[in-house]
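The values are calculated or read from the model by the stated rules, or taken from the named source; none is laboratory data. Computed from a predicted structure; not experimentally measured. Here the Cβ positions follow ideal geometry from the backbone for every residue, glycine too, while neighbour counts run over all protein chains shown. The accessibility values were calculated without ligands, DNA or RNA, using every heavy atom of the protein model including side chains. Shrake-Rupley method; radii C 1.70, N 1.55, O 1.52, S 1.80 Å.
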Amino acid sequence: MMLRSNIIRQCCTSKFLATTQRTALFIFNRHLSSQQKCHYDVSIIGGGAVGSSLAHLLSCHVPSLKVAVLDARVPNSVSDILGVSSSGDDSGNPAVYPSPRAYALSPKSLSLLGSPILSKLEDAGRIAYYDSMQVWESDGPAVLKFDHGDVDKDRLWQNSFFTSDEDKNLDHRLQNILGAVVEDDIMVSCLWEKIKETGRVDLISPVKILAINAPCRDEDSQGDGHESKVSISYKRTVPGQDVNTVEETISTNLLVAADGANSFVRKTLGTFPTVSLAYGRQAVTCTVEIQDSLKQTAFQRFQPNGPIALLPIWSDDLAKRVGASGTKTYANIVWSTTPEEAQQLMKLSDEILIQRMNDLLQCGPVNVPPLLSDNFKKSMPQPIQNAVNGLEMLSRSMNNGLTMSGITERRLGFCVPPIITGIMGRRFSFDLNLMHAKNYTCPRVALIGDAAHTVHPMAGQGLNLGMGDVECLAYNLKQAVESGMGLDGMAGLQYALQQYESSRQRQVVATMGGIQFLHGAFATTFSPMVHARSMGMNIVNSAGPLRKKLVQVATGFEQVF
Amino acid sequence: HNPLISMNPIRMSFITEQIGKQRSIKLQHDKTTFEPFKGLKALDVGCGGGLLSESLARLGASVTAVDPSKEVAKAAQIHSQRDVKTSSIEYKGGMSVEELASQEIYQSSFDIVCVLEVIEHATDPKSLMQSAVSLLKKPSQDGHGPGGMLFVSTINRTAKSFGIAIVGGEYVTGKLPIGTHDWNKFLAPKEVHEMVQDFGLGEVDKRGMILRPPFYDLKWYLDAQDFDVNWIGSYRHHQG
């Protein structure tokens, strides 16, 4: 392309011939676009967890749509990851410990993967279900215990668009859990394998996107825009003896951007202004070896700088099989804190880091701090000091009382997490940002997943929000096909995209609000606020309906409102 | 922005459901197409911009579309030419449905006849209905052919519909130009039923079409009990 346009430029050197040059390039470009290989209904740029899940749902439920997925890399095959050769024996090099790149999936998100993929993950031991969760704070006695009993089993599928009658195995699998942890690489590979089986989706990779032409960029194509579709041109590496790259162009009715927080599509098109709020935090994540098993429980302790979470990963059987010694198993740590502390954590020796993590996690309920600091109290007149002391004692006893009653009533006291005994592999750190695109769609383009929104990982909602996007978009595209409105004309597609955008923006903004509230509530060290927060946690723990509603929303079985 | 666009999905879902039930068609997504109306002939009375006609065509029906305005039908035809799935719609502009019914070739020939959002604008609703019914296929003597189905959707004549459709739709929100509707021409399901009964049809089913809050989302849904404002009904010849 470069060479040819240089030639054209050399032929048209004078200004007078500039128009000829433009015309020549124009003709050349038209020629290139007329070499279009294929036209698709939906093209998804980004074949990660969210992009592949959309392709998977569409191939299962709206097979009449022609779908393409483009990605910069080719994921490893499932058998490569599991180290199983085609003859079935363990001749490969499977991982000996889990990767920290993993997701916490709600039961709703797991249901979108479907039973066949879940079975595969279970057989390989690469999925860790958890049925209870313990959340506690750094300076208070409150302990929040969630368990699968809080999930309203009758309302499991009320808000689902895609409950397949054939997938009856889903029900009994997902009924008694709060979620599961799955590594990114195997989840994506399983999805790609399932998609390939259907034969209706073209997986185009590895590619480097060169240009995207969409009607939303072009002011001239207002009105129906029926003729202007989206065209995507890319360079693709063709496997073979000699590494060979070809340039191709495809056209599509709908372009879906699923290429992550730094979405190339979103940035290139320039029609998606975003709002960002840097939390001023970084998260450090790594895989750890623990004494004993987590027994399907997830732990999270809130600190003023951010929570530290200890999550199950891989089944216990798999951990033993690959050589974790004795009773040890593996777990995943996600520690959110200030950038300074995060960088410190990255550099600490293994022994000291393990010590720090155990210090935090092994420490249980403590008393709330005094309402006012001693110095401040001493500066006040005696009657007021007495009143404040009295108030403090009242608050403390109420709080401790609430905690105790919560324990006796639900018989769920503080459970000490297993001790961490080793760090396996590398530590990773990443910035935590809140980002929200002001609009998720523009003519013929939709953003899904992190390309549209990112949140703090403290509530384990990041990927789950993306999966919610996937479900909603797939449902609206199915409606468009079933109503005969189709994706080729603008009217039908616009309606579908508008429905997607308005539904999802509501849910995402509400979830973000909730997480922001938690972030603020746990970040404060202002004593009266700490007392209030502790009491709040106790109330949530004891008040069944409130706690259950929280769980219903977090597990994805109920809309926020 | 055409307000009918947002109502189209539920109108189509009602039609698809009714036709599916009548002809025992399993509404499944095929590997390559979703065409439950394949092999059926459909008539869109008062097609306007062709929104309904194109939807019927994409679901596999062979569609004839009639509209009293020549220009409107011509514009719809140009639009439909752009997609191969809709390019074979037969548009008949500058023709009334009575005129179409007088042509022998069309009499009793359609499996689906749609009179959607039209009857409340007609100068002679009874004559329109009579012509529409005459274009509907009659059930075959041997009982194998189920006969055609007529779909009518309009707005009910109630205080609520005055408040919502006229005051709300035309004056408050301005979604519809003032004077679009004449409340006196609105028809209740019972009245339409009586009208078609005279021509030998019975009512099969009906639903109210309701706008779900938040209203600016323009999400409609079908309701089995509330016919106070918009509603849609299906009618067919009695068997035998």
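Looking only at other chains, what is the average number of their beta-carbon atoms within 10 angstrom of each beta-carbon in B:42-52? All intermediate terms of the calculation are to be shown ahead of the outcome.
Working: counts 0, 0, 0, 0, 0, 0, 0, 1, 0, 5, 1.
Mean number of neighbouring Cβ atoms from other chains: 1.
Nearest 500 deg cm²/dmol is fine: what mean residue ellipticity at 222 nm does chain A get from its DSSP H runs of n ≥ 4 alone, each adding -39,500 (n - 2.57), divided by its residue count?
On the way: 18 runs with 234 residues, N = 561.
Counting only the DSSP helices, I get -13000 deg cm²/dmol.
I'd like to know which of A:446, A:423, A:389 lies farthest towards the positive end of the charge dipole of the stretch A:368-453, counting +1 on Cβ of Lys and Arg and -1 on Cβ of Asp and Glu.
Farthest towards the positive pole: A:446.
How many Å² of accessible area per residue for the protein assembly as shown, probe 1.4 Å?
Details: 35700 Å² over 801 residues.
That works out to 45 Å² for each residue.
Sticking with the crude label model, points 7 Å out along Cα→Cβ, report the distance from residue B:142 to residue B:216 in nm, one decimal please.
6.0 nm
For the protein assembly as shown, what class follows from the C-alpha gyration tensor (a ≥ b ≥ c being the square roots of its eigenvalues): rounded when a/c is under 1.5, otherwise prolate if a/b is larger than b/c, else oblate? Please list the in-between numbers first.
Working: a/c = 2.09, a/b = 1.56, b/c = 1.34.
In terms of gyration-tensor shape, prolate.
Size of the dipole of the protein assembly as shown about the Cα centre, Lys and Arg at +1 and Asp and Glu at -1 on the beta carbon, nothing else charged, in debye to 20?
Working: 77 positive and 81 negative charges, 233 e Å.
About 1120 debye.
Output ³J(HN,Hα) for the stretch A:294-302: one whole-Hz value per residue in order, computed from phi by the Karplus curve 6.51 cos²θ - 1.76 cosθ + 1.60 with θ = phi - 60°, and x for Gly and Pro.
6, 6, 6, 10, 9, 10, 9, 10, 7
Nearest 10 degrees is fine. How inclined is helix B:70-81 to the longest principal axis of chain B, computing both from alpha carbons?
Helix B:70-81 sits roughly 70 degrees off the main axis of chain B.
In nm, what is the difference between 0.36 nm times the number of residues separating residue A:431 and residue A:393 and their Cα-Cα distance? Write out the running numbers ahead of the final one.
Details: separation 38, 0.36 × 38 = 13.68 nm, distance 4.04 nm.
Gain on stretching residue A:431 to residue A:393: 9.6 nm.
Between residue B:226 and residue B:27, what length comes free when the chain is fully extended (0.36 nm per residue of separation minus the Cα-Cα distance, one decimal in nm)?
Numbers: separation 199, 0.36 × 199 = 71.64 nm, distance 2.61 nm.
Full-extension gain reported as 69.0 nm.
Which FRET efficiency value, to the nearest 0.05, do you get for residue A:73 and residue A:415 by plugging their Cβ-Cβ distance into 1/(1 + (r/R0)^6) with R0 = 45 Å? Don't skip to the answer; put the middle values down first.
Values: r = 41 Å, r/R0 = 0.91.
Rounded to the nearest 0.05, the efficiency is 0.65.
So how much accessible surface do A and B hide from each other in total, probe 1.4 Å, in square angstrom to the nearest 100?
Details: alone 25640 and 12090 Å², together 35700 Å².
Buried area (both sides, nearest 100 Å²): 2000 Å².
Across peptide B:75-82, how many C-beta atoms of other chains are within 10 Å of each residue C-beta, on average? Write out the running numbers ahead of the final one.
Values: counts 0, 0, 0, 0, 4, 1, 1, 5.
Mean partner-chain Cβ count within 10 Å for B:75-82: 1.
Pull up all non-local amide H partners of residue A:330: gap of 5 or more, or a different chain, and H-to-H distance under 5 Å with H placed in the peptide plane.
Residues meeting the amide H criterion: A:290.
Highest mean first, what order results for A:267-275, A:446-454, A:550-558 on Cβ atoms within 10 Å?
Values: A:267-275: 14.3, A:446-454: 27.8, A:550-558: 20.8.
Highest to lowest by the protection proxy: A:446-454, A:550-558, A:267-275.
Label-point separation (nm) for residue B:102 and residue A:205, each offset 7 Å from Cα along Cα-to-Cβ?
6.6 nm
Other chains near B:3-14: what is the mean number of their Cβ atoms within 10 Å of each residue's Cβ?
3
In nm, what is the difference between 0.36 nm times the number of residues separating residue A:355 and residue A:322 and their Cα-Cα distance? Numbers along the way, then the final one.
On the way: separation 33, 0.36 × 33 = 11.88 nm, distance 2.54 nm.
Full extension from residue A:355 to residue A:322 adds 9.3 nm.
Under a crude label model (7 Å from the Cα following the beta-carbon direction), how far is residue B:38 from residue A:375 in nanometres?
Spacing of the two 7 Å Cα→Cβ label points: 8.3 nm.
Near the amide H of residue B:116, under 5 Å away, which other amide H atoms are found, from residues 5 or more places off or on another chain, if H is placed in the peptide plane?
B:45, B:153
Putting +1 on Lys and Arg Cβ atoms and -1 on Asp and Glu Cβ atoms, find which of B:24, A:69, B:149 reaches farthest to the positive end of the dipole of the protein assembly as shown.
The residue sitting farthest along the positive end of the dipole is A:69.
Using a 1.4 Å probe on the heavy atoms of the protein chains only, list every residue of the stretch A:481-515 that has 10 Å² or more less accessible area in the complete assembly than in its chain alone.
A:481, A:482, A:483, A:484, A:485, A:488, A:491, A:495, A:498, A:499, A:502, A:506
By per-residue mean of other Cβ atoms within 10 Å, what is the highest-first order of A:398-409, A:279-290? Write out the running numbers ahead of the final one.
On the way: A:398-409: 16.3, A:279-290: 21.2.
Ranked by mean Cβ neighbours within 10 Å, highest first: A:279-290, A:398-409.
Arranged from highest to lowest average of other beta-carbon atoms within 10 Å per residue, in what order do the peptides A:171-180, B:97-106, B:174-183 appear?
Working: A:171-180: 19.1, B:97-106: 15.2, B:174-183: 12.3.
Descending packing order for the listed peptides: A:171-180, B:97-106, B:174-183.
Which ³J(HN,Hα) values, rounded to whole Hz and listed in residue order, are derived for the stretch B:24-37 from phi using the Karplus coefficients 6.51, -1.76 and 1.60 in 6.51 cos²θ - 1.76 cosθ + 1.60 with θ = phi - 60°, glycine and proline given as x?
Those phi angles translate into 6, 8, 7, 7, 10, 7, 6, 4, 10, 8, 10, 10, x, 9 Hz.
Using the Cα gyration tensor of the stretch A:496-561, with a ≥ b ≥ c the square roots of its eigenvalues, what is the shape: rounded (a/c below 1.5), prolate (a/b larger than b/c) or oblate (neither)? Before the final figure, lay out the partial values.
Working: a/c = 4.77, a/b = 1.77, b/c = 2.69.
In terms of gyration-tensor shape, oblate.
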